[in-house]
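To start, the structure under review is shown below, and the notes come after it.
The values are calculated or read from the model by the stated rules, or taken from the named source; none is laboratory data. These figures come from a predicted structure and were not determined experimentally. When we count neighbours, we look across all protein chains shown, and the Cβ atoms used for this are built from the backbone with ideal geometry, even at glycine.
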Amino acid sequence: MSDTKILENPYSGLEIVDGHAVKAPEDYQDPKALYDKLIRRVRKYHPSDDISMIEKAFDIAYHAHEGQCRKSGEPYIIHPLWVGIILADLELDKETIIAGILHDVVEDTVMTEEGITETFGKEVALLVDGVTKLGQLSYSSDKLEVQAENLRKMFLAMAKDIRVILIKLADRLHNMRTLQFMRPEKQVEKAKETLDIYAPLAQRLGISKLKTELDDLALKYTKPEVFDDLVNQINARATERELFVARIVEEVSKHMEDAHIKAEVKGRVKHFFSIYKKMVNQDKTVDQIYDLFAVRIIVDSVKDCYAALGVIHEMYTPIPGRFKDYIAMPKPNMYQSLHTTLMSTAGQPFEIQIRTAEMHKTAEYGIAAHWKYKESNDGQKNVEAQEEEKLSWLRQILEWQQDTDNREFLSLLKGGLDLFAEDVYCFTPNGDVKNLPNGSTPVDFAYSIHSAVGNKMVGARVNGKLVNIDYQIQNGDRIEILTSQNSKGPSRDWLNIVKSTQARNKINQWFKKEFKEENIIRGKELLQQYCKTKALVYSDLTKPKYMQVVQAKYGFKEWDGILATVGHGGLKEGQVINRLLEEYTKDHKEVITDETIIERVNEATKNKAHVAKSKSGIVVKGIDDMAVRFSRCCNPVPGDEIVGFVTRGRGMSIHRTDCINILNLSESERIRLIDAEWEASITEERGQYLCGIKIYANNRQGLLMEVSKVYTENKIDISSINTHTSKQDVVTFELSFVVSGRDELNHVIEKLRQIQGVIDIERTTG
C-alpha cells in the first residue's frame, strides 16, 4: 500500500503544509452556524429544555480555544461543536453535550476543573475530568500494551459514568471524519486503533449508529485500495439494486397493509466494512455476496413483530437455519430484533429485520438510548435501577479483566469480543436470570441466591428432573434447589466442584464457624505431620514462650485459635512451624568455632570431598549437616543463584550471589565463601521461604489496597510492609512475604507490574 495513494484522492485541491493537508480558508465551517445546528438537534428531541447552559458552554469554549487551529487549519472550536452534534444525534442529556463541548478546555486552555464545577455543576466536571484523563494516556514502545491499558482505563471510567465513553466515541468519530488532514502514517495508526478499541466498544454498547461509521472510516484508511474498489463495485450496480429493494419494499408494505399491521418498511445497503468482512471470511467477491442489502420492518408492538414474521414467511420462502430471534433472547448489548433470510421471487436471497420502534432506537443508540431525561422515564423503575440493570455486563468485564494480562485481554477482546463465553445463564423457579461462571454446578447456584440456601441444600432439580450436585449448568436451565432443616451443612467435597469464588468463600466461612473443635484437632495433626516431614520434634517447639510469640505475630489470644485457623486452611502449617523454630533456635545455638569450619572447608576442597545435603534443602560442598540459615539481607528462594558464607559462631548463612553484602566483602573475608546450590528436589516441593521486594509507584488513592489484593488473590501472606513517599509523590513499598520458590515470586511480581501507576519492582539485595 503506497502512502501517495492515501494522499492523492482525499487531498485533491488542498494545500500541504508541514506534511498536513490544510483546507482553503473559504471552505472553513462557520462556528456560529454549527452551534445553531447543534441547538436545532437538541430542540428536536427535547423542545422544552433550557439551553442556556449549552450556550454558556459554547461561549466559554469559543473564547478558550480562540487562536487555536486544527491540523486542517480550521479554528479548533469546530471540533468540540461537532462532538456536541454527534452526542445530540444520540439524543443525550444536556450535561453530556456540555461536557462534549468542554472536553478539551481543561487540557488545552487556562480553564480549570474548579471553574467548570462552579459554572456547570459537579456532574459536568466529573464527565470532563473523565474524558481528559482518558486523553492523557501515556505511550510506550509496546503499542499492544498501550492499547490494552487504554481499554482498562476506559472500562474503569465506564464503571463511574458510561457517558465518559460516549463523549470519547463522539470525539474519535469526528477525528476519523477529518483524518484526511493527518500524515499518512498517523492515519493508519489512528484507523487501526479505531478498529481495535473504539469500534468494538461502540458494538459492546450497542451503538450501531457510531459503530458502522467508525468501521467504514477505519477501512478507508487501513485498506484504501480495497475501500475504493468496494465503493466503485457497489455504485456500479446501484440502480439495479435500488430497483430490486424498491420492489421488495413495495410488496412487503402492501402485504402488511392487507394484514392490518401498521408498519414502516425501509431498505438499506449494508455498510462497507461488514461487506468486506463477509468477503474475507467467506472468501467471496462482491458479486457472490447476495445479501448486500436488508429490508427493515418497524412495527408498534412485540405482538406485531411476530405477526409480521408470519406474513413474510407466507410471502417468501425462508432459507433454513437463517432465522434468529433476538427478541426472546437479546444480545448482551441489549440488541433486540427478528432476523430472517428469504428467497425473493427473482431467486435472490435478502435479509429482513423486524423490530419495534423502541428496539430500533436501542439498536441504533444502544446504551445511549437509556440515558434519557429524567421525566421520560416510564415510572416503573427509578433511573438508577435502570442504569444498574443495563451495566451489569460491565461489572463482569471489570472482574474478569483483573485476572488477565494485557496481551491476553486485548487478544480476547479483539477476537470477536465474545466476553460472555465464560458465562452461563440460568433461571430461578420464579424466572429470574442468574449469571454464573461456565462449568458452575447447582451448589454455585444455591450460594448465589443466599448462603442459607446453600448451607441447607440437600439436592437440586434442573428442568423438573433431579440431578447430581456436580451437574454442569447449561444455558437456559431452570434450577430449583431442595433444602432441608435437618441438613448438616455443606460437605468439604463441594469445594472441589464449585466454580464461583462467592460459593467457595461461603463454604469456607461455614466450616470456620461450625467446626472449630474439629479444626483445632485437624490443625494440630497438620502441624505434627509437618514436623515429622522436616525431622523436627513437635513437643520441643510448642513451649509456652515460643507459642506466645507466634500468637502475638498472628493476633490470636490463645493457641487453639492458631490450631483452628491451620485446620480450616487460613494459615499454612509451614508458617507456624517456621516461626516456632525461629524462636527455638534462639535458645539452642550450635557452638562451633571458626577455625574448625574453615579447616573442614579447606580440607574438603583439597580432597574434592563429597557433596552433602543439609536439612534446609541446600547442597554444600564438603559439609555434612551444618547449621544453615538463610540471610535476612537478601532472602534467597529456590531458583536463585546462591553462595554460602561461614559466619563467626552461627554456622553458615546462605546469600544470593547479587547480595550487596557479598559483593562488598573484603579479600580476607572471601575465603569464608563456599559453593552452594539448591537440592534438585527442593524446587518441586512447596516449601516456605521469606523474600523481600521494593515497589516504586506514582502515589494515588487505593494503591495499597490494589497491592494487597494481589497477595490475597494468590493466597500469599505479607509478613511486613513499610511505605514512604518522596517529594515527587513517588511511593516506595518494602514488602516481605512467604513464597514456595522463584516461580511463585515471579508470578506475584508480574501481577504487581500490571497495577496502574507502578514504575518498577526490584528484589531487596541488602
Here are G439, G415, G459: which of them is surrounded by fewer than 17 Cβ atoms within 10 Å (Cβ to Cβ), under 32 Å from the mean Cα position of the chain (by Cα) and at pLDDT 85 or above? G439
Looking at (1) among the polar types (S, T, N, Q); (2) at pLDDT below 80; (3) over 23 Å from K534 (Cβ atoms), find the lone condition where S614 falls short. (3)
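For the range 40-52, which residues satisfy the criterion of being part of a helix (DSSP H, G or I) and over 13 Å from G84 (Cα atoms)? Working first, answer last.
So in the range 40-52, the residues part of a helix (DSSP H, G or I) come out as 40-45, 52.
Within the range 40-52, R43, K44, Y45, S52 meet the criteria.
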Of (1) in contact with a strand residue (DSSP E or B) (Cβ under 9 Å, 6 or more places away or on another chain); (2) without any contact (Cβ under 8 Å) to a residue 40 or more places away in the chain, E118 fails just (1)
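Having 2 or more residues that are outside the structural domain of K361 (by TED's automatic domain parsing) and within 30 Å of the chain's Cα centre (by Cα) is the bar; report the helices (runs of 4 or more DSSP H) wholly within the range 190-281 that clear it. Explain how you work it out, then say what you get.
Values: elements: 199-204, 208-222, 224-236, 238-258.
Qualifying helices (runs of 4 or more DSSP H): 199-204, 208-222.
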Within the range 641-657, take every residue that is modelled with pLDDT of 85 or more and in a loop (DSSP other than H, G, I, E, B) and give me the one that is surrounded by the most Cβ atoms within 10 Å (Cβ to Cβ). T657
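Does the range 470-481 include one or more residues that are under 29 Å from F427 (Cβ atoms), over 39 Å from the mean Cα position of the chain (by Cα), exposed (fewer than 13 other Cβ atoms within 10 Å of the Cβ) and outside the structural domain of K715 (by TED's automatic domain parsing)? Working first, answer last.
Pass one, the range 470-481, residues under 29 Å from F427 (Cβ atoms): 470-481.
Applying the additional criterion that residues be over 39 Å from the mean Cα position of the chain (by Cα) yields none.
Within the range 470-481 (the criterion being under 29 Å from F427 (Cβ atoms), over 39 Å from the mean Cα position of the chain (by Cα), exposed (fewer than 13 other Cβ atoms within 10 Å of the Cβ) and outside the structural domain of K715 (by TED's automatic domain parsing)), the answer is no, since none of the residues qualifies.
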Does F244 satisfy the condition of being in contact (Cβ under 8 Å) with a residue 60 or more places away in the chain and more than 28 Å from A99 (Cβ to Cβ)? yes
Being part of a helix (DSSP H, G or I), farther than 14 Å from A170 by Cβ and in contact (Cβ under 8 Å) with a residue 24 or more places away in the chain is the filter here; which residues of the range 96-115 pass it? V105, V106, E107, D108
Can you name the residue in the range 482-511 that is of a type outside the set (S, T, N, Q) and over 30 Å from the mean Cα position of the chain (by Cα) and is also farthest from N438 (Cα to Cα) among such residues? K488
All but one of (1) at pLDDT below 65; (2) assigned to a helix (DSSP H, G or I); (3) in contact with an Asp or Glu (Cβ under 9 Å, 6 or more places away or on another chain) hold for E384, so report the exception by its number. (3)
Determine if the range 132-150 includes at least one residue that is under 15 Å from A61 (Cβ atoms) and at pLDDT 60 or above. yes
Quick check on the range 349-358: of everything there that is buried (at least 19 other Cβ atoms within 10 Å of the Cβ) and aliphatic (A, V, I, L, M), which residue is modelled with the lowest pLDDT? I352
For the range 297-344: of the residues being touching a strand residue (DSSP E or B) at 6+ places or on another chain (Cβ under 7 Å), assigned to a loop (DSSP other than H, G, I, E, B) and of a type in the set (G, A, S), which is farthest from I248 (Cα to Cα)? S301
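Got a sec? Which strands (runs of 3 or more DSSP E) wholly within the range 663-750 have at least 1 residues that are loosely packed, with under 15 Cβ neighbours inside 10 Å, of a type outside the set (G, A, S) and without any contact (Cβ under 8 Å) to a residue 60 or more places away in the chain?
Details: elements: 673-678, 689-698, 718-725, 730-739.
Of the strands (runs of 3 or more DSSP E) lying wholly inside the range 663-750, those with at least 1 residues that are loosely packed, with under 15 Cβ neighbours inside 10 Å, of a type outside the set (G, A, S) and without any contact (Cβ under 8 Å) to a residue 60 or more places away in the chain span 673-678, 718-725, 730-739.
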For the range 648-657, which residues satisfy the criterion of being in contact (Cβ under 8 Å) with a residue 24 or more places away in the chain and of a type in the set (V, I, T)? I654
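Matching residues to (1) at pLDDT 85 or above; (2) out of contact with any helix residue (DSSP H, G or I) (no Cβ under 8 Å at 6 or more places or on another chain); (3) within 25 Å of L243 (Cα to Cα); (4) acidic (D, E):
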| site | (1), (2), (3), (4) |
| --- | --- |
| R322 | no, yes, yes, no |
| P330 | no, yes, no, no |
| Q336 | yes, no, no, no |
| S344 | no, no, yes, no |
| G347 | no, yes, yes, no |
Hey, does the range 538-548 have a residue that's closer than 29 Å to D493 by Cα and assigned to a helix (DSSP H, G or I)? no
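Given the residues D228, D258, which is the only one that is under 30 Å from P349 (Cα atoms), at pLDDT below 85 and surrounded by fewer than 14 Cβ atoms within 10 Å (Cβ to Cβ)? Walk me through how you get there before you give the answer.
Working: D258 fails: at pLDDT below 85.
D228 is the lone residue from the list that is under 30 Å from P349 (Cα atoms), at pLDDT below 85 and surrounded by fewer than 14 Cβ atoms within 10 Å (Cβ to Cβ).
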How many residues does the range 620-638 contain that are at pLDDT 80 or above, outside any loop (DSSP other than H, G, I, E, B) and basic (K, R)? 1
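State whether the residues of the range 293-315 include one that is modelled with pLDDT under 85 and either surrounded by 13 or more Cβ atoms within 10 Å (Cβ to Cβ) or hydroxyl-bearing (S, T, Y) (or both). Working first, answer last.
Pass one, the range 293-315, residues modelled with pLDDT under 85: 293-294.
Now narrow it down to the ones that are either surrounded by 13 or more Cβ atoms within 10 Å (Cβ to Cβ) or hydroxyl-bearing (S, T, Y) (or both): 293-294.
Yes, some residue in the range 293-315 is modelled with pLDDT under 85 and either surrounded by 13 or more Cβ atoms within 10 Å (Cβ to Cβ) or hydroxyl-bearing (S, T, Y) (or both).
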Residues being more than 11 Å from E573 (Cβ to Cβ) and in contact with an Asp or Glu (Cβ under 7 Å, 6 or more places away or on another chain): count how many of those fall in the range 487-543. 7
Pairing a residue in the range 64-89 that is within 16 Å of R172 (Cβ to Cβ) and at pLDDT 80 or above with any residue that is in a helix (DSSP H, G or I) and among the polar types (S, T, N, Q), where Cβ atoms lie under 8 Å and the two sit 6 or more apart in sequence or on different chains, gives H79/N175; L87/T96
